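Data first, discussion second: the structure below is written as structure tokens.
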Amino acid sequence: MVLQRIEIQKEFGFGELEERLREVRLKGFSDTRIYEDAKISIQRMNNSAVESLYIPQPTVYRKGFLDRIEEMQKLFNRSGIDVFCLRGGIDYIAFDEKGQATQWTLIPPVAEVNLFNFVNGTIDYSNLLGEDLKKAMQEKGHELNPELKQLNYPGFDGAKSLPLVCDGSHRIHSAYERGITQNVLKIEVQKSSQFPYYAAPRPYSLVHVEDIRPDEGSAEKIHVLTSPGHKLLYRLFPSGGILSGDVRPDKTLAGQ
């Protein structure tokens, strides 16, 4: 979709944004609110701070992704909104070149902070597997991806907190390319509520840009669970797409 114009439905502040985030669930565990007790804040990040982040997929794409961020920036700028400096969120309708309308919510990019346990430079995921997840894995035959053992984190041993980009990776990199200091949501998850992200963390230093996203997606993404359960741990954020993770308050607008 080529963005032609946007129609802002509602701008909301950090308080409502926090309320929506506390409703975030996992794709495969709809009763689990993983941010219910989390510490949520907005961090200003320059390029040096961004380089300390981790990312589940080190490949970002130019056509249809980074160039779309530039389109969004221009359209929101006309309404006096800087997409890189949000302190709340925006419900809006986007119109493409054919006049087709889709409903979205824009929030700052999200970096989720979890406490990982490293053993000789390799992540031990066992302390991130809650009882509900272990039970579901046993019942449905899901297993930890053996490729995880091939990922090394030199010098890491013992417990260490990692900020992992969970939403808005292309917006983060778009600002990074242009040296823009940006706002990023930092969500520090309580240990009792931790679930691993659906893909393994990779250092931001590995990020590189490809022109076009292949149909099969990036081969560099290492899922935590094996297929067919590889997307069960996906976070349903109030951003990024139609219905916005199904946590938008206005059910009529969301088409429900």
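No lab work stands behind these numbers, since they all come straight from the coordinates. Quick caveat, the model's predicted, so the values are computed rather than measured. Note that we place each Cβ from the backbone using ideal geometry, even for glycine, and neighbour counts take in every protein chain shown.
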Computed lengthening from residue 213 to residue 147, 0.36 nm per intervening residue step minus Cα-Cα distance = 21.5 nm
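Length gain on complete extension for the stretch residue 9 to residue 122, per 0.36 nm per residue less the alpha carbon to alpha carbon distance? Don't jump to the answer; show the numbers that get you there.
Working: separation 113, 0.36 × 113 = 40.68 nm, distance 4.57 nm.
That works out to 36.1 nm of additional length.
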Pick out, from 80, 144, 197, the residue whose Cα sits farthest towards the positive end of the charge dipole of the stretch 3-246, with +1 on the Cβ of Lys and Arg and -1 on the Cβ of Asp and Glu.
-> 80
Assigning unit charges at the beta carbon (Lys, Arg +1; Asp, Glu -1) and nothing else, what dipole magnitude in debye, to the nearest 20, does the chain show about its Cα centre?
-> 160
Pull out the extension gain between residue 227 and residue 188, defined as 0.36 nm times the separation in residues minus the alpha carbon to alpha carbon distance; nm, one decimal.
-> 11.2 nm
Virtual spin-label span in nm between residue 205 and residue 180, 7 Å along Cα→Cβ = 2.7
